[in-house]
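The values are calculated or read from the model by the stated rules, or taken from the named source; none is laboratory data. The structure displayed is predicted, hence computed values, not measured ones. Positions of Cβ are backbone-derived with ideal geometry, glycine not excepted, and every protein chain shown enters the neighbour counts.
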Amino acid sequence: MSTLTSEWTKLRSLRSTTWFLGAAVAGMIGSGLIEAIAASAGEITPAEVDPFGGALAGLSFAEFVVGGFAVLAVTNEYASRTIRGSLTAVPKRWPVLAGKAVAVGGSVFTAALLLIFGSFLISRAVLDSHGMSLPAADGVPRAMAGAAVYLGFLALLGTGFAWLVRSTAGGLAALFGVLYGLPIVSLLLPHGMGAPILRFLPQQAGAALMQVGPSDLLAPWAGAAVLTGYAAVVLGLAAVVLRRRDA
Amino acid sequence: MQAYGRKLRAMETIEVRHLSKAYGHHKAVDDLSFTVHPGRVTGFLGPNGAGKSTTMRMILGLTRPDSGDALVGGRRYDQLAQPLHEVGALLDAGAVHPRRSAYHHLLALAQTNGIGKRRVHEVLAMVGLEGVADRRAGGFSLGMSQRLGIATAMLGDPAVVMLDEPVNGLDPEGIRWVRGLLRHLAGEGRTVFLSSHLMSEMQMTADHLIVVGRGQLLADVAIAEMTASGSLEDAYFALTAESVDYPTTATPDRSAVA
């Protein structure tokens, strides 16, 4: 608990946190309101409105913001050499890793939840005022909360990779390699061997959380379980490596 | 002199027992044993590459020894629940996030060991940085960074204080202040262990010396004994003549005493 407070102090005492949050707000709200803006301009037909009112349109942008935020939260300790002070204060070391994961993951999840539901509500009100209602679909609130969970998961994964490689470039490469690289690799496997694997990759498991209507994806709960598994493995491995490695 | 700590704690020694650490074929620390006692300032001397910083990192649990152990108050550092209350260390004054304020740098460390904001302000005042507490540490001079490092070491009001080159970059006033602080802390019964390459400064500050060369113990003596027949500098060169990793030519002073 005390390391969580400390990690939260570290985050809020850097202006870069504000910049990341600002970028996320601009990106998520900005793209989330595109359908509402198009409706105001009369440039969109009711058939083009999605069940989220566009609230998830900024998701890929948010992935990059979240990835950068999470990786830097760890690697800035190595770049500035404050890691030695942090580990001297907490020689068991894993609480530092856990505290950072919760502080980073928790703040990303909370901000994402507010931004997604916020842009959804605004968008729906604007579309309503133009006489367009959102198409009905099952599990829209679940899907939007799922998007926030997915971004929180990315943050956890980002800190985990960053602990393992201790460099910003390496951490980002690992995170986005897993997100975007692995699906491509799986599609290159012969005889369609990749297709069953694809569903279990992090990005597709995340998509499972956000699905509305029928799809080839895992069930939402299964997607959540898969993401939890990835986060647990990467953070667990990072904790072991952090414990064993000289700082 | 003002009181630097709130309460006195049990006296604790630093015990280094058969400590060894190699990096590849290079033995940074080689079967090193010594004890640092409370109530006095113990200087840690040795040429560059003698293993001083590696030894200090092993005492703090940052670097894992290949063999042997380092104990603080009879326990391994990683067994201390709230180590900042037991050991205050300054290893690298530049190790601050350049865009974080001095206050938040200290606060984040304090919070891990249940130390409150009041103590953060206290240590900032102690080292004379209260007026710049909200400034980014990246803009600090070397001397200000050293003061911030000393404030960090004092956060937990520790029984053991361990400082690696604390007076580097300090102005004469700062050097004098550190000397007074360390003497005072030792006078309170704390264990003070400091490394420095400044012989005259060490002669004025330390009561006892641990001298190492090539990772091995060269001397564990009272400073009075070391300086009985001349300056500390001369005695130091005589002792370490064989263990300098990067010998230079044309050093008449050294050949005169060797």
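Quick one: in segment B:154-184, of everything that is buried (at least 23 other Cβ atoms within 10 Å of the Cβ) and of a type in the set (Gly, Ala, Ser), which residue is farthest from the chain's Cα centre (by Cα)?
B:Gly156
Considering only residues that are in contact (Cβ under 8 Å) with a residue 12 or more places away in the chain and in a helix (DSSP H, G or I), look in segment A:38-57 and name the one that is nearest to A:Val212 (Cα to Cα).
A:Glu48
On the basis of being free of Cβ contacts under 8 Å to residues at least 40 places away in the same chain, among the β-branched types (Val, Ile, Thr) and closer than 30 Å to B:Ala50 by Cβ, does B:Val160 make the cut?
Details: free of Cβ contacts under 8 Å to residues at least 40 places away in the same chain: no; among the β-branched types (Val, Ile, Thr): yes; closer than 30 Å to B:Ala50 by Cβ: yes.
Considered against the rule, which asks whether it is free of Cβ contacts under 8 Å to residues at least 40 places away in the same chain, among the β-branched types (Val, Ile, Thr) and closer than 30 Å to B:Ala50 by Cβ, B:Val160 comes out as no.
When segment B:38-55 is examined, which residues are found to be part of a strand (DSSP E or B) and farther than 17 Å from B:Glu15 by Cβ?
Start the filter on segment B:38-55 by keeping residues that are part of a strand (DSSP E or B), which leaves B:41-45.
Listed by number, the residues that qualify are B:Val41, B:Gly43, B:Leu45.
Consider B:Thr35 carefully, then state whether it is polar (S, T, N, Q), assigned to a loop (DSSP other than H, G, I, E, B) and at pLDDT 95 or above.
Against the criterion (polar (S, T, N, Q), assigned to a loop (DSSP other than H, G, I, E, B) and at pLDDT 95 or above), B:Thr35 does not qualify.
Applying the selection to segment B:197-229, what residues are touching a residue at least 24 places away in the same chain (Cβ under 8 Å), over 13 Å from B:Phe34 (Cβ atoms) and surrounded by fewer than 21 Cβ atoms within 10 Å (Cβ to Cβ)? Talk me through it step by step, then tell me what you get.
Of segment B:197-229, the ones touching a residue at least 24 places away in the same chain (Cβ under 8 Å) are B:197-218, B:220, B:223, B:227.
Filter once more, so that each one left must be over 13 Å from B:Phe34 (Cβ atoms): B:197-207, B:213-214, B:223, B:227.
If the condition is that a residue be touching a residue at least 24 places away in the same chain (Cβ under 8 Å), over 13 Å from B:Phe34 (Cβ atoms) and surrounded by fewer than 21 Cβ atoms within 10 Å (Cβ to Cβ), then B:His197, B:Leu198, B:Met199, B:Ser200, B:Glu201, B:Gln203, B:Met204, B:Asp207, B:Arg214, B:Thr227 are the ones that fit.
Please enumerate the residues belonging to segment B:101-144 that are aliphatic (A, V, I, L, M) and outside any helix (DSSP H, G or I).
Selection gives B:Ile115, B:Val127, B:Leu129, B:Ala133.
Give segment B:82-95 a look and list any residue that's more than 9 Å from every other protein chain (Cβ to nearest Cβ), in a loop (DSSP other than H, G, I, E, B) and under 26 Å from A:Thr75 (Cβ atoms), or say none.
Correct list: B:Ala93 only.
Please find, among A:Leu157, A:Leu72, the residue that is surrounded by 17 or more Cβ atoms within 10 Å (Cβ to Cβ), at pLDDT 95 or above, in contact with a Phe, Trp or Tyr (Cβ under 9 Å, 6 or more places away or on another chain) and within 14 Å of chain B (Cβ to nearest Cβ).
A:Leu72
Return the residues of segment B:149-160 that are among the hydrophobic types (A, V, I, L, M, F, W, C) and within 13 Å of B:Gly73 (Cβ to Cβ); say none if nothing qualifies.
Result: B:Ala159, B:Val160.
Being of a type in the set (Gly, Ala, Ser) and under 14 Å from A:Lys10 (Cα atoms) is the filter; apply it to segment B:96-141 and report the residue that is nearest to the other protein chains (Cβ to nearest Cβ).
B:Ala108
Restricting attention to segment B:96-131, which residues are free of Cβ contacts under 8 Å to residues at least 12 places away in the same chain and closer than 20 Å to A:Ile83 by Cβ?
Listed by number, the residues that qualify are B:His104, B:Ala108, B:Gln111.
Which one of A:Leu56, A:Leu11 is of a type in the set (A, V, I, L, M, F, W, C), within 14 Å of chain B (Cβ to nearest Cβ) and within 19 Å of the chain's Cα centre (by Cα)?
A:Leu11
With in contact with a His (Cβ under 8 Å, 6 or more places away or on another chain) and over 30 Å from B:Pro98 (Cβ atoms) as the only criterion, which of B:Val221, B:Val212 stands out?
Result: B:Val221 is the single residue among B:Val221, B:Val212 that is in contact with a His (Cβ under 8 Å, 6 or more places away or on another chain) and over 30 Å from B:Pro98 (Cβ atoms).
Here is a check on your reading of the model: is A:Ser60 within 27 Å of A:Ser123 (Cβ to Cβ), crowded, with 16+ Cβ neighbours inside 10 Å and polar (S, T, N, Q)?
No.
Picking from A:Thr82, A:Thr110, which residue would you name as being closer than 21 Å to B:His97 by Cβ and hydroxyl-bearing (Ser, Thr, Tyr)?
A:Thr82
Under 25 Å from A:Leu209 (Cα atoms) and of a type in the set (A, V, I, L, M, F, W, C): is that true of A:Val108 in this structure?
yes
Within segment A:14-25, which residues are within 20 Å of the chain's Cα centre (by Cα) and either in a loop (DSSP other than H, G, I, E, B) or exposed (fewer than 14 other Cβ atoms within 10 Å of the Cβ) (or both)?
A:Thr18, A:Trp19, A:Gly22
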